[in-house]
1. Any chance you could list the semi-axes, whole Å, largest first, of the equivalent ellipsoid that the Cα gyration tensor gives for the chain, using √(5λ)?
2. Expressed as a rounded percentage, what relative contact order does segment 111-184 have, with Cα pairs under 8 Å and six or more residues apart?
3. At q = 0.14 Å⁻¹, work out log10 I(q)/I(0) for segment 69-119 with the Debye formula, treating every Cα as an identical point scatterer and leaving solvent out; two decimals please.
4. At 7 Å along the Cα-to-beta-carbon direction for both residue 253 and residue 142, put a label point, then send me their distance in nm to one decimal.
5. Counting only C-alpha contacts under 8 Å and six or more residues apart, can you give the relative contact order of segment 6-253 as a whole percent?
6. Given only helices, namely DSSP H runs of n ≥ 4 each adding -39500 (n - 2.57), what is the per-residue ellipticity at 222 nm of the chain, to the nearest 500 deg cm²/dmol?
7. Work out Dmax and Rg for segment 15-106 from the C-alpha atoms and quote the Rg first, both in angstrom.
8. Semi-axes, largest first, in whole Å: what does sqrt of 5 times each Cα gyration tensor eigenvalue give for segment 123-252?
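Quick note: the coordinates plus some simple rules give every number you see, no bench work behind them. Model, not experiment: these values are computed from the prediction. In this analysis, Cβ positions are derived from the backbone assuming ideal geometry, glycine residues included, and neighbour counts consider all displayed protein chains.
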């Protein structure tokens, strides 16, 4: 298939959410796009690795079921791919939002809208290198040989894992100027599954610590975990009026740019 053809993959546990978000994205179901839906998998890694083998196109986009890609998104991705080709950059993983280190702390790179938070990050004009990428949208080349860790459980931190795998292969991951909407349910605390994935990533990629992710920094002494749990306890005990935020019915109704 041509370089302007894409394979889009979604691991889905709610078809209504998929239909009301990702599938509403302009251009996602045209003739140049292959859509792969994976259901009833034990982990994102297993679903995504199987999809890589099934992909008919070189460029594979992994997206959450509750992500909406505006009309400009695919044009922005194509511009980014043209930029990498012109500059002869052997990139590893692309995403809409990532983290890199600055002065010992993780800083966010890229720009998106996340329900409950509003606009997150800042606009970038060109792709910028990052250490890790948020899982809401990930892009790889089928020919890169990259695969997700099949032993990583559940549906968390697989973006961090594949960015580390790219680094092992000498490839750089980038946040790209491609704005998207994450129409998510914003909960006030992370589930136990997340911390199981955290410990797995810490064991597997310990030589790269600290690893900065969009949720917290993975470090030798788990400082990020302790800080996160203190904040969650503070909210539960002292700010009970703070309620979770739930996704809107139609992401197109959000007045965001």
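1. Here the semi-axes work out to 27, 22, 18 Å.
2. Values: 93 pairs, mean separation 35.6, N = 74.
RCO, segment 111-184: 48 percent.
3. -0.52
4. Label-label distance for residue 253 and residue 142, simple model: 3.9 nm.
5. Working: 502 pairs, mean separation 54.7, N = 248.
That works out to 22 percent.
6. The helix-only estimate for the chain comes to -8500 deg cm²/dmol at 222 nm.
7. Considering segment 15-106 through its Cα atoms, Rg and Dmax are 15.3, 46 Å.
8. So the three semi-axes of segment 123-252 are 27, 21, 14 Å.
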